[in-house]
Each structure stands twice: as C-alpha cells, then as structure tokens.
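Chemist: Below is the structure I would like to discuss, written out as structure tokens.
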Amino acid sequence: MVSPYLIIAGGVGGAKMAQGFSDYCDGELSVIGNVGDDWEFHGLWVSPDIDTLTYTLSGLIDLNKGWGVSDESFRALGVLESLGRETWMQLGDQDLGVHIYRTERRSLGDRPSIIAKDIARAFGVSANIILPTDNDLHTQVHTSFGWMAFQEYFVREQCKPLVKDISILGIDKAKITHEAREAIATASLICIAPSNPIVSIEPILAIPGMREAIMERQGLCIAVSPIIGGKTIKGPAVQMMKSLGHIPDSRGVAEIYSGLIDAIVVDEIDRNLTSYIENRYCEVWIENTVMLNKKDKRILAERIIDRANKYGSFSSK
Ligand code: GDP
C-alpha cells in the first residue's frame with residue numbers, strides 16, 4: 001500500500017502526530033516506527049514504541065498515561081512480582097497478550113514487519129504501520145551509572161542519570177525493510193514527528209542507507225520540534241540534547257535533521273528562533289504545536305498538509 005503521507009515516529013509524541021494525520025486524511029497514512037526501544041521482559045518480546053502507535057491509532061490507548069491500553073489490569077504482573085521477578089516495566093494483562101502473540105510468531109520465524117502489521121489490522125488500525133528494519137535493534141544508554149538498556153534508563157531509572165553517550169546495538173548490520181524504502185520513495189510528504197530526536201528518531205535514521213533514502217525522496221520532508229520554549233511536554237530530550245552537546249531547543253533539533261528536512265515546524269512561543277534556524281538549516285513554519293486533545297492533533301496535521309501543499313506542488317526537488 002502506498003500512502004501520500006508518511007510519518008517517522010517514536011512513541012508518545014510520534015503517536016499523537018500520527019493520530020492527527022490519520023484523523024485528517026483517513027487511510028492515506030503510513031508510519032515508520034522505532035524498534036530501538038525493543039527489549040525482552042519475562043521471555044517476551046516487547047516493542048514499546050510500535051505498541052504505543054498501534055494503541056493510539058486504534059483508540060485503545062490510555063490517554064492519561066500516553067502508553068498502554070485503557071481499562072487495563074495488572075494481575076499477571078502481580079503474579080510475577082510474588083514469584084520474585086522484577087516488575088518495574090508496567091506490562092498490563094491485555095498488553096501481555098500482544099507480547100505473547102508477537103513472541104510466538106517471532107519464534108516461528110515470521111518477519112517482525114508482518115507481525116506488526118497483523119497486530120495493527122486486528123486492532124482496527126487503518127494506517128499502515130511500517131518497521132524500519134526487521135533486524136533486532138537495542139538502544140543502549142551510557143549514563144553516570146554505566147551502560148544500561150534504554151528501558152532500564154527510561155522506566156526503571158526514570159531518566160534521572162546523566163546521559164553521556166548512546167549506542168544502538170545491531171545498527172551496523174540492520175537492513176531497511178522494502179516497505180520503509182517504498183514508503184519513503186513514494187510519499188508526497190514525510191513528516192518527522194515531535195519525538196525525541198536522539199533515542200526515538202535516530203535509531204531509525206541511523207539504519208545504513210536510511211538517511212540516503214530520505215535524501216533521494218520525491219516529496220517534501222519536514223520535522224515538528226518536540227521542544228517548546230526550551231522544555232519537552234514529557235521525557236528527557238532536553239537534558240539528553242544538552243549533555244550530548246546540542247543546543248537544547250528547536251535550533252538543536254533543526255541541526256540534528258539538517259540536510260534531511262525542507263522545513264521545521266516550531267511552536268509559536270519559539271518564534272524568536274526563526275532567523276537562527278533559517279540562516280543555517282531550513283525554513284521555519286510557526287504553528288501551535290501543543291497537542292492536548294484530538295482536535296489539536298487534527299488541526300496541526302491539517303495546517304502542516306496545507307502548508308506543504310503551498311510549498312511548490314508538494315515536492316522539494
Ligand atoms: P517516547 O518514546 O514515548 O518518549 O515518545 P517520543 O519520542 O515519540 O515523544 C517524546 C517527545 O514528544 C518529547 O520530547 C515531547 O516533548 C514530545 N511531545 C509530546 N507531546 C507533544 C506535543 O503535543 N507537541 C509537541 N511539539 N511535542 C510533544
């Protein structure tokens with residue numbers, strides 16, 4: 001399936017953007033998600049960002065938390081705790097059903113891309129969820145307490161340790177899926193969602209050949225900044241960008257994506273960063289980028305599509 005709109009997304013911020021596009025352009029959307037957060041818990045393969053996309057686009061997401069499904073119970077986790085297992089990763093009973101299914105199919109040798117697609121279809125998602133690679137990727141974080149898996153840093157340590165370096169296990173040998181390659185080549189608009197550029201988007205862009213594939217696109221490529229007034233809505237992007245030597249605001253985000261994007265969407269509150277970014281990297285589009293509800297998400301998607309339409313017949317080339 002070829003869609004005119006393609007989102008490159010992480011978890012919560014990525015899923016919000018994908019939902020806005022999905023609502024606005026029903027069924028004409030593909031989303032490439034991040035598999036760098038994948039990790040095994042209790043012998044099960046958990047893919048947090050892909051599940052957040054699936055649960056959000058199916059309407060099952062717990063809106064208060066931004067992850068997991070609503071009306072969730074944690075009885076299986078309670079059993080695991082009483083058996084002495086570590087249960088800091090909050091895996092609900094319904095969620096565990098997805099992980100059991102995914103793990104079983106992986107053990108049968110099925111392609112992770114097909115498994116993700118089948119789960120999305122079963123949950124009624126109309127957008128085309130695409131994995132960037134079928135190879136296993138694991139983002140590792142070098143912190144003041146040593147190296148740890150991304151979920152250990154993000155969930156167990158609640159992003160408190162200082163981040164000194166990031167490494168993505170498996171990245172050198174990872175291959176782009178043909179679905180991702182086709183979606184990038186054929187989209188009229190690629191939108192890098194307001195996701196953490198370092199641990200949500202970079203594990204996608206760092207796959208060998210991915211940046212080149214995006215640079216050879218036919219369509220327009222833009223990004224939405226996840227940093228508003230020097231702060232994130234949630235998550236460690238600001239601290240991480242600062243400790244890794246980037247300017248911790250939309251200027252740093254534009255720098256990370258420079259060479260890939262034609263424009264960056266920056267929040268109204270950051271209007272003063274426009275000339276700095278436009279003099280160095282790309283065009284700046286000012287919008288209200290805070291998505292608090294379904295309406296905000298849809299309006300932002302509509303504004304972006306409208307501006308992209310006016311950007312010379314949807315093509316940067
Ligand atoms: P994670 O993997 O679950 O952390 O999800 P992402 O990387 O996709 O999203 C985290 C980023 O989303 C954070 O940097 C947030 O600032 C950003 N974010 C969340 N909600 C919004 C929003 O409504 N607007 C914008 N511009 N950014 C958002």
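Chemist: Place a +1 charge on the Cβ of each Lys and Arg in the chain and a -1 charge on the Cβ of each Asp and Glu, then give the dipole magnitude about the Cα centre in debye, rounded to the nearest 20.
Modeler: Value, rounded to 20: 360 debye.
Chemist: Over the chain, what is the percentage of antiparallel beta bridges among all DSSP beta bridges, to the nearest 5?
Modeler: Taking every DSSP beta bridge with both residues in the chain, the antiparallel ones total about 45 percent.
Chemist: Whole percent per 10 Å bin, from 0 to the bin with the longest distance: what is P(r) over all C-alpha pairs of the range 1-61?
Modeler: With a bin width of 10 Å, the distribution comes to 24, 50, 21, 5.
Chemist: I need the Debye-formula profile for the range 124-214: one equal scatterer per C-alpha, no solvent, reported as log10 I(q)/I(0) at q = 0.19 1/Å, two decimals.
Modeler: Values returned for q = 0.19 Å⁻¹ are -0.94.
Chemist: Find the Cα radius of gyration of the range 116-272, compare it with 2.2 N^0.38 Å by division, and give the number to two decimals.
Modeler: 1.09
Chemist: By a straight-distance test (C-alpha under 26 Å), which lysines pair with residue 231 as possible cross-link partners, with residues fewer than eight away in the same chain excluded?
Modeler: Of all the lysines, those that pass the test against residue 231 - Cα under 26 Å, at least 8 places apart if same chain - are 16, 65, 160, 164, 242, 294, 295, 297.
Chemist: Tell me, Kirkwood radius of the range 1-109 from alpha-carbon pair distances, in Å?
Modeler: By the Kirkwood definition, the hydrodynamic radius is 14.9 Å.
Chemist: While we're on this one: Per residue of the chain, what 222 nm ellipticity follows from adding -39500 (n - 2.57) for every DSSP H run with n ≥ 4, rounded to the nearest 500?
Modeler: Numbers: 12 runs with 115 residues, N = 317.
It lands at -10500 deg cm²/dmol.
Chemist: Another question about this same structure. Of 24, 276, 257, which is the most mobile in a GNM of the chain whose springs link Cα atoms less than 10 angstrom apart?
Modeler: Taking springs between Cα atoms under 10 Å, the residue moving most is 276.
Chemist: Using Stokes-Einstein with the Kirkwood hydrodynamic radius over Cα pairs, what translational diffusion coefficient do you get for the chain at 10 °C and a viscosity of 1.306 mPa s, in µm²/s rounded to a whole number?
Modeler: Approximately 81 µm²/s, per Stokes-Einstein.
Chemist: Now a separate question. Taking every alpha carbon pair in the range 188-317, what does the distance histogram look like in 10 angstrom bins from 0, in percent?
Modeler: 13, 45, 36, 6
Chemist: Which ³J(HN,Hα) values in Hz, rounded to whole numbers, follow from the phi angles of the range 100-106 under the Karplus curve 6.51 cos²θ - 1.76 cosθ + 1.60, where θ = phi - 60° and Gly and Pro get x?
Modeler: Once rounded to whole Hz, the list reads 5, 4, 4, 5, 4, 5, 4.
Chemist: Could you work out how far the C-alpha centroid of the range 214-236 sits from that of the range 156-207, in angstrom?
Modeler: The range 214-236 and the range 156-207 have Cα centres separated by 12 Å.
Chemist: In Å, what is the Rg of the alpha-carbon atoms in the range 85-146, and how long is Dmax?
Modeler: Looking at the range 85-146, its Cα Rg and Dmax stand at 14.6, 43 Å.
Chemist: Report the residue, chosen from 244, 292, 44, that carries the largest GNM mean-square fluctuation when the chain is represented by alpha-carbon nodes joined by springs under 10 Å.
Modeler: In this elastic network of the chain, the residue with the biggest mean-square fluctuation among 244, 292, 44 is 292.
None of the figures in this text is laboratory data; all of them are computed from the coordinates on show. Remember, predicted model here, so these are calculated numbers, not experimental data. Counting neighbours? That spans all protein chains shown, and the Cβs are built from the backbone with ideal geometry, glycine included.
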